[in-house]
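Quick notes on the structure that follows.
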Amino acid sequence: MQTELNTTGSTEVITYFVDVILPVPIPKLFTYRVPLAMNDLIQVGARVIVQFGSKKVLTAVVAHIHKNPPTNYKAKYLLELLDEVPMVTPQQIEMFQWMAGYYMCYIGEVLNVALPSGLKISSQSKIQLNPNVDLVHADLSHNEQRLIEALQEAQSLSYTEASEVLGVRNIYQLIKSLVAKEIVLVFEEIRERYQPKKLKKIRLCKEYIEKQTLDTLSKSLEKKPKQQDVLLNYLRHVPVYKDWMLNEGGLAKSAFTKNETLSNSALKTLTKNGIFEEFEIIVSRFDEYIPDPNVKIELSERQQEVSGEIMLNFEEKDVVLLHGVTGSGKTEIYIDLIQKVFESGSQVLFLLPEIALTTQIVSRLKRIFGNQMGVYHSKFSDNERVEVWQGVVSGRFNFVVGVRSAVFLPFDNLGLIIVDEEHESSYKQYDPAPRYHARDMTLVIARQQHCKVLLGSATPSTESFYNAKMGRYGLVQLKERYGSARLPDIQLVDLTAERKKMKKRSIRFSSTLVQAIKERLHVQEQVILFQNRRGYSPYMSCRACAHIPKCENCAVSLTYHMYSNELRCHYCGHIEAPPRKCPACGSMEIATVGYGTEKIEDELKVMFTQARVQRMDLDTTRAKNSYQQIIQDFENQQIEILVGTQMLSKGLDFDNVSLVGIFDADRIINFPDFRSHERAFQIMTQVSGRAGRKDKPGLVLIQTADTQQDVLHKIIAGDYEGMYRKEIEDRQYFKYPPFTRLIKLTTKHIDKGASARAAQMLADKLTTKLGRDRVLGPEAPLVEKIRNKYLKTILIKLEREKIDLKAVKHFIQEQREEVLLSKEFKKLQIVIDVDPI
Ligand code: ADP
Ligand code: ZN
Ligand code: ZN
């Protein structure tokens, strides 16, 4: 697009400008000038490097190419063009724009979250010694001296490197002082973060790839047996006699170095003497994986019907909701559909909640799809994620299974998107902006790419089921488990009655539950116990004065963790030692109150000394493979009792679990939120679903202080639709989604009064146009101080019809900005969450 013929026929050089999206929270696109040399190459969606401000160098993405210089500033030149094949599609740019509008944030924030950081080049601050400085007479501290020595050695260091070398956490003070003394200079180094993985290989030099020369060589090495061994090893793996072309590909260097019978120095000598040469190739980080041809999916008759029904529904509807009970084999149905779409040449995206992805399902899919399937997961390294991204661009991966952020991958020809466990709240991003919902985004992507969306769940979200009932989505239901498996028998255990009988103040393990565990252990069956709260006990309390240790940064009590003997804040991560005596009254009697997974684990070990007990929660699964390991041990029956939080409920499939126990059901049901009943139904149904798969009948025991609660009886009866009907009535009556749209605004300020006043000012402004009924609050959220900032929330409720949503959002933004600009509130933040959950 570089040169155009003008009317006289001579060529004229055109100056182009590009508007780029910068990965920073600013409202506008920025315009840069394209250097002439790039005119031919620049394309929409390509990454470019630009200077932003006086110091920063950023990776940006080209959104438009045009010929109009900006009117109010002088455009800088682009510094570099990174992609000749754009890494971002024009459709994605459209989507980013849509997201920024809908979720009320900046497009740069969308880009920042969308691109894996490996695709963002950053400028990194580095330090080096000032060559013009007299070190001899400088007055230096011990650490300064050490840093200088390190710099003399290394030439330059990044801040992190410097802090590692010195073993000093806070290196900034030190650097600052050396910079002030003009001993050290700071400079910016641009670096590409993505590093391709390279493999060192060995091959014969060209002179030897002829039979004659090779024979001569072989003879000449007869007296050097070590070198000859190395040569023979090469020829065994790479039979160049048969085909001289084979030499080109060579042999991995590790095939020599890892072979203990071969001499490394012999290989070195051969390389030095020009017989072998070393070269490098770029390889994939993902292991080669060949599909197992023996794995065939054979759908049951009912599954086949369901698959047919889904296809039929797709003829009329773009979205279909598959409501299938736990263990009905939804995964098999997905695989069947994926295969069909995949064979037709379209791309497929399969979304799973974060935690489900790390385990069973991926290995199941790999056996079928092998290398053609990409996996996109947040526990992957950044380099791995970049490779999946590039693989989608290049066509290597036409099928990706991934978490929430996989909706950002650069697909351009999607045929089908599957959202498994569509009710899962982990599809919603809380922080940072864009606070998007991946399930809802798939509907937007589907409209763009004319593809179909299948939402699947045993306990669909009220919103999705409503859409299905209203005919907006197709609805397909599967109410029986696969094969001979039956749904588990769910029973309530009355804690109130037991407490009276045993004359105890509180009971964690009812006698019914203990008895049931005993029975299962006796017949070598496994047990899952669910307590949705980690740590040992949610708080400590002084017996004498009832003082409760609170976080110094947040308005919450500190959770006691016994294994590390710490009090921890689950909101900000603050840690402190548990007090030996009460800080308020000095009493030595400080008790732990309530119980989390740790305490249950602890008590189990005392009660069932023979059983192997394992805990699965955030604290035991932080390392990359620990989650996988626990699942594997449980599968292999090296664990009898697994205690854990919600993590247990996500799509796991164990053959030998015949008992599930649920603690603290009342707390789940009575959580103060309009979705709490729906959530309680979902969570307990899902956990229950882990019991009694294959041919073992399963039992679920739910411990509750109030056996009359309606939602519990809906769970027992497996009455999803009953729960839904009640829920949808309430939602309509109290004007909640899906009958309204919600937007939540949260003010944050270190000064409590300022936060409250800002929220009030904002609410007042909003009320002027939106009216009293649509603006609720401000009120203090459940936890009103987090990380030393005081929070107030305002909830905006908007009816779904007859409202200009865009205009309303624009109005809200304006009011927000006015409050933010007000002199009264320095350092105020106002966070917007559209469709909060
Ligand atoms: P869901 O996701 O609906 O809870 P799964 O897909 O995990 O159910 O299936 C439950 C169990 O039944 C799994 O062990 C799965 O392997 C098995 N299963 C389901 N359908 C089939 C089938 N068509 N052939 C063989 N096994 C199946
Ligand atoms: Zn006290
Ligand atoms: Zn805290």
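The values are calculated or read from the model by the stated rules, or taken from the named source; none is laboratory data. Bear in mind that the values here come from a model prediction, so they are computed numbers and not experimental data. Cβ sites come from the backbone with ideal geometry, for glycine too, and all protein chains shown count toward neighbours. Ligands, DNA and RNA are excluded from the accessible area calculation, which covers all protein heavy atoms including side chains. Shrake-Rupley method; radii C 1.70, N 1.55, O 1.52, S 1.80 Å.
A compact table of results
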{"item": "Within the stretch 572-604, considering residues that are among the small types (Gly, Ala, Ser) and more than 10 Å from ligand 3 (Cβ to nearest atom), the one least open to solvent (accessible area, probe 1.4 Å)", "result": "Gly596"}
{"item": "Among the residues listed as Val283, Val240, Val230, Val184, the single one being open to solvent by less than 60 Å² (accessible area, probe 1.4 Å) and closer than 30 Å to His142 by Cα", "result": "Val184"}
{"item": "Matching residues, the stretch 675-695, being open to solvent by 10 Å² or more (accessible area, probe 1.4 Å), under 20 Å from Asp719 (Cα atoms) and modelled with pLDDT under 90", "result": "Arg693"}
{"item": "Residue in the stretch 542-552 that is nearest to ligand 3 (Cβ to nearest atom), counting only those that are open to solvent by 30 Å² or more (accessible area, probe 1.4 Å) and not in a strand (DSSP E or B)", "result": "Glu552"}
{"item": "Residue satisfying all of: in the stretch 554-571; within 14 Å of Lys789 (Cβ to Cβ) and open to solvent by 30 Å² or more (accessible area, probe 1.4 Å); nearest to ligand 3 (Cβ to nearest atom) among these", "result": "Tyr571"}
{"item": "Flag if Lys330 is more than 16 Å from ligand 2 (Cβ to nearest atom), in contact (Cβ under 8 Å) with a residue 40 or more places away in the chain and either in the same structural domain as Gly370 (by TED's automatic domain parsing) or touching a Phe, Trp or Tyr at 6+ places or on another chain (Cβ under 6 Å) (or both)", "result": "yes"}
{"item": "Which listed residue, of Gln128, Gln124, is modelled with pLDDT of 80 or more, under 30 Å from Leu178 (Cβ atoms) and assigned to a strand (DSSP E or B)", "result": "Gln128"}
{"item": "Selected residue (only one of Arg472, Arg499, Arg508 is in a helix (DSSP H, G or I) and basic (Lys, Arg))", "result": "Arg499"}
{"item": "Entirely in the stretch 1-91, the strands (runs of 3 or more DSSP E) that have 1 or more residues that are at pLDDT 90 or above", "result": "17-21, 30-33, 47-52, 56-66"}
{"item": "Leading residue by the ranking (nearest to ligand 3 (Cβ to nearest atom)) among those in the stretch 769-812 that are part of a helix (DSSP H, G or I) and in contact with a strand residue (DSSP E or B) (Cβ under 8 Å, 6 or more places away or on another chain)", "result": "Ile812"}
{"item": "Scan of the stretch 20-34 for residues that are open to solvent by 30 Å² or more (accessible area, probe 1.4 Å) and either in contact with a Leu (Cβ under 6 Å, 6 or more places away or on another chain) or in contact (Cβ under 8 Å) with a residue 24 or more places away in the chain (or both), ordered by number", "result": "Pro25, Ile26, Pro27, Leu29, Phe30, Arg33"}
{"item": "Single residue of Gln531, Gln491 found to be in contact (Cβ under 8 Å) with a residue 12 or more places away in the chain and crowded, with 17+ Cβ neighbours inside 10 Å", "result": "Gln531"}
{"item": "Which numbered condition Ser484 fails, given (1) of a type in the set (Gly, Ala, Ser); (2) open to solvent by 80 Å² or more (accessible area, probe 1.4 Å); (3) within 33 Å of the chain's Cα centre (by Cα)", "result": "(3)"}
{"item": "Some residue of the stretch 621-633 being surrounded by fewer than 21 Cβ atoms within 10 Å (Cβ to Cβ) and touching an Asp or Glu at 6+ places or on another chain (Cβ under 9 Å)", "result": "no"}
{"item": "Matching strands (runs of 3 or more DSSP E) fully within the stretch 574-692 where at least 1 residues are closer than 30 Å to Ile728 by Cα and more than 16 Å from ligand 2 (Cβ to nearest atom)", "result": "657-662"}
{"item": "Residue match in the stretch 509-530 (condition: more than 16 Å from ligand 1 (Cβ to nearest atom) and closer than 30 Å to Asp431 by Cβ)", "result": "yes"}
{"item": "3 or more residues of a type in the set (D, E, K, R), closer than 30 Å to Val401 by Cβ and within 16 Å of ligand 1 (Cβ to nearest atom): qualifying helices (runs of 4 or more DSSP H) within the stretch 225-343", "result": "301-316, 330-343"}
